[in-house]
Each structure stands twice: as C-alpha cells, then as structure tokens.
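The next block holds one structure in the form of structure tokens; read it before the comments.
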Amino acid sequence: MKLLFCPECWDMVKLAQDLRSCACGDCVGKYLADDHHAVTNGRGYCLAINNHTLVPALMLIKEATKKGLDIEPPRVDCCVRAHGGLYNPRTTVDKTLSWQYLTGKRYADVKRTTTVEEMEGPEKAGLTD
C-alpha cells in the first residue's frame, strides 16, 4: 500500500486509481491501472506499508479484540522513501500532475469523501464482521 505524506498540511492519503491529494492539494498521486505502479507530482514523501505484514497484524488484533485480550501491538513493515529511484522503482514523477491541471478545479473546492464501497480492502481481506 502506498501513502503520500504532505509536510505542508501533515495530511496522509492512500493512493488509488483515481487522483488523490492531501488536504492542501500540494501532494498529488494515483495508482496506474495495474495497481502496482504509481505516478505522483514528486511533492511530499511516499510511505510504503507492506500488505503482507499489515493484514496478519490486523487479523491478530481483530481476533484478540473478539476474545477481550489486550495484546502487544504487532509489527508492520513500513518505509519512507523518495518518489521514484532505486528504492521506489514502481513510482514515477510527473511534475505537471496537479489537481487543478487534471480537473480544472481547485482542490479546496471539491468535497472529498471515501465510501466503504470505494475502500473494498477490509472486506476482501476478511477484516470486517
């Protein structure tokens, strides 16, 4: 899973195939059609969360919570990296990528909402009841 972190507004946003932006609109990016490669405008920072450690950790917490247990937080692999380059080969930078350039609207003028249907991740991973 790729996230963008904006040092201007301190917002963090998960990438998806539709264009996503931080709260101030400075950091913009999206996944490409293959859901592995991404394009960003190169602002802010990329955070990569290893899904192979995240999902088991969430499942462990879910089961412990059902049983009323308080467990030590499981470890999840995560790294912060530059946009593109040797350590982020599936992300490319397009400095012309911006919310206003692609939509003709300022980001602040567009209401951003995420529905459960758009997320799909928790249901597919069996993390919902």
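What follows is calculated from the coordinates using simple rules that are stated; it is not laboratory data. Remember, predicted model here, so these are calculated numbers, not experimental data. With ideal geometry, Cβ positions are generated from the backbone for all residues, glycine too; neighbour counts draw on all protein chains shown.
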| request: Rank by packing, highest mean first: peptides 25-36, 55-66, with packing defined as the count of other Cβ atoms within 10 Å averaged across residues. | output: 25-36, 55-66
| said: Past 21 Å, Cα to Cα: identify those pairs from Lys30/Lys95; Lys14/Lys67; Lys2/Lys95, in the order given. | reply: Lys14/Lys67
| query | What is the set of long-range amide H partners of Ala38 at a cut-off below 5 Å, with H atoms built 1.01 Å from backbone N? | reply | Leu32, Thr91, Thr92
